[in-house]
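First the structure, in the form of structure tokens, and then the observations on it.
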Amino acid sequence: MSLARSVEHCMKPRDGVLVLTGFGLRIAVDRGHLVLEDGVGKQRRSGRFPRVGGEIRRLVVVGHAGSVSLEALRWLHEIGAAFVQIGADGELIALGVTSALTDARLRRAQALAIGSDVGLSIARMLLLEKVTGQARVLDRINGHRESRQIVSDAIGLLGECKSVDQLRFVESRAAAAYWSAWEFLPVNFAGKDAKHVPTHWRTAGTRRSILSSSPRKAATPVNAILNYLYTVLEAEARLAALAVGCDPALGVIHSDKPSRDSLACDLMEPVRPAVDDFVLSLIESHTFGRTDFFETREGNCRLMPELTQPLGTSALKWAHAIAPVAERVGGAFLRAPLQTALSVTAGLNHTSRNATPRFRTPLTGRNRSRRDYSARTRILESHALRSRCRDCGSDLNGRNRVYCDSCLPAAAQRASAKGVQMQKELRAVGMDGRSSEGARQKHREHALRVAELKRQWEAEHKTIPSPVVFREQMGPRLTSVSVKAIAKATGLSSSSCKKIRSGSLVPHPMHWESLQRLISDQIIPAARK
């Protein structure tokens, strides 16, 4: 019984999102509770969740080996949780809608807006936000001045485009320059794993995969992560479109295509840079292991459960980001001039409420008289990946460190040797002013003067008092004295004076008399007051 409880405790939603991976997945209902099982081989998980207090808002399934009962889908629908299934190659397979707004006027206005000035203005708004976000991400990548310039120029050109085709062309040029800046970004693998992974895994690589001539079938880890998170974002975009009452298939930027939700792809565009920024922070700070990824026989790089589970918990972060975008687009459709013209033709008074209906905002609640700031609108920062040692790849158990206890001494020695070598190189080319011969000569002369003053003081006083006397009698009184006053009285540096005032440094006894006078000067005015 204790083992079952511990296993069930391992399967716990994080920020309302639960990700299932592996083979033999089982999603069913038993005695009113949702029963879940996943895992690979002996590494299995199971969980049992009640309707009340289960805190499941997204159930994400990665893979296709398992079973889902109709009763389980109904159970998820009744508690307002979405069901998302993602294939092993990052394709969105199934999506269970929790709630949708049905408004025939909105869908009719959406269909009529495509190809009109309304559709053009919406497309321009979405792409402007996307390219502006890409420019912000490029600011974090060193170099690539030419790419920054192309993306910056695209922001101005998008405002001058007269058709959606022109918008697509300008955006494609900006995207090509944007992704070229990503190509050679380094990816950190643990020292013992770096020599066992393919060479092309150690950089981000081109966004266009050599296996498919498109982003699909990623050949590098970074592109595999991007594809996975974009699929999670696509699921949230479709849910947002249905929640505001739009048809996810009728897009304004992406053309109609079988088996594609074009409007969902449109809504994704302004949020894609946020996903890119998320991934950029991940590859800059995280050390990956060889077991985080898997390479198929054709060279396709796929994510393992160690990554899919924590990354999948970012679903509600993207839901929060895409909610205002979906509501703005839905409101633009409903407020289209063509819709008002149709209302006038039908004999309705265009000044009435029905002519320009007020658009509902079920995702953010901005148009409500009493806004709902519930948990579903919180900004979530949930991407807690397992931290690894950069050298040996061992688990750091969530500690905010880079190396484990065993590898830390060797890493410190390497860092020290690297710093010494860098100082030598800078000194050789004359770039390090602090290590120049003139500066070093001044340091030597100052050290000799200080040493001579200490020698003279010790020769005059014969005995040196114990540091305990200073800590007990003078140290506590210096806490109320400014660092500037201590530095003026002793002639020591500000850093040394800060240590003296905090009690971490005991000055040489030749300075004690000056400090005692300084304390007296502080105490006497205070006593008079």
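The values are calculated or read from the model by the stated rules, or taken from the named source; none is laboratory data. Quantities reported herein were computed from a predicted structural model and do not represent experimental measurements. FYI the Cβ positions are ideal-geometry reconstructions off the backbone, even for glycines, and counts take in every protein chain you see.
For residue 74, the criteria (1) loosely packed, with under 14 Cβ neighbours inside 10 Å; (2) touching a strand residue (DSSP E or B) at 6+ places or on another chain (Cβ under 9 Å); (3) farther than 23 Å from residue 245 by Cα hold in every case but one, which is (3). State whether the residues of region 225-247 include one that is over 30 Å from residue 107 (Cα atoms) and surrounded by 22 or more Cβ atoms within 10 Å (Cβ to Cβ). Yes.
Taking region 199-304 as the region of interest, the helices (runs of 4 or more DSSP H) fully inside it that hold 2 or more residues being of a type in the set (Asp, Glu) are 221-244, 272-285. Taking residues in region 149-164 that are closer than 20 Å to residue 139 by Cα, and partners anywhere that are among the small types (Gly, Ala, Ser) and surrounded by 15 or more Cβ atoms within 10 Å (Cβ to Cβ), the pairs with Cβ atoms closer than 8 Å and at least 6 places apart or on different chains are 150/174; 150/177; 151/135; 151/174; 151/177; 152/135; 154/174; 155/135. From the list 177, 194, the lone residue that is touching a helix residue (DSSP H, G or I) at 6+ places or on another chain (Cβ under 8 Å), surrounded by 16 or more Cβ atoms within 10 Å (Cβ to Cβ) and either under 16 Å from residue 134 (Cα atoms) or not assigned by TED's automatic domain parsing to the domain that holds residue 299 (or both) is 177. Among the conditions (1) outside any strand (DSSP E or B); (2) over 24 Å from residue 302 (Cα atoms); (3) within 29 Å of the chain's Cα centre (by Cα), the only one that residue 51 does not satisfy is (3). Among the residues making up region 95-117, those that are more than 16 Å from residue 265 (Cα to Cα) and in contact with a Phe, Trp or Tyr (Cβ under 7 Å, 6 or more places away or on another chain) are 96, 106, 109, 113. Just a yes or no: is a residue in region 263-286 touching a residue at least 24 places away in the same chain (Cβ under 8 Å), within 24 Å of residue 140 (Cβ to Cβ) and hydroxyl-bearing (Ser, Thr, Tyr)? No, because not a single residue in region 263-286 is touching a residue at least 24 places away in the same chain (Cβ under 8 Å), within 24 Å of residue 140 (Cβ to Cβ) and hydroxyl-bearing (Ser, Thr, Tyr). Contact map, region 30-45: first residue within 21 Å of residue 76 (Cα to Cα), second residue part of a strand (DSSP E or B) and among the aromatic types (Phe, Trp, Tyr), Cβ cut-off under 6 Å, separation 6 or more or different chains; pairs are 34/49.
When only residues in region 78-134 that are part of a loop (DSSP other than H, G, I, E, B), in contact with a strand residue (DSSP E or B) (Cβ under 7 Å, 6 or more places away or on another chain) and free of Cβ contacts under 8 Å to residues at least 60 places away in the same chain count, which is surrounded by the fewest Cβ atoms within 10 Å (Cβ to Cβ)? In this case the residue turns out to be 87. For region 180-191, how many residues meet the condition of being part of a strand (DSSP E or B) and surrounded by 20 or more Cβ atoms within 10 Å (Cβ to Cβ)? Residues that pass the stated criteria total 1.
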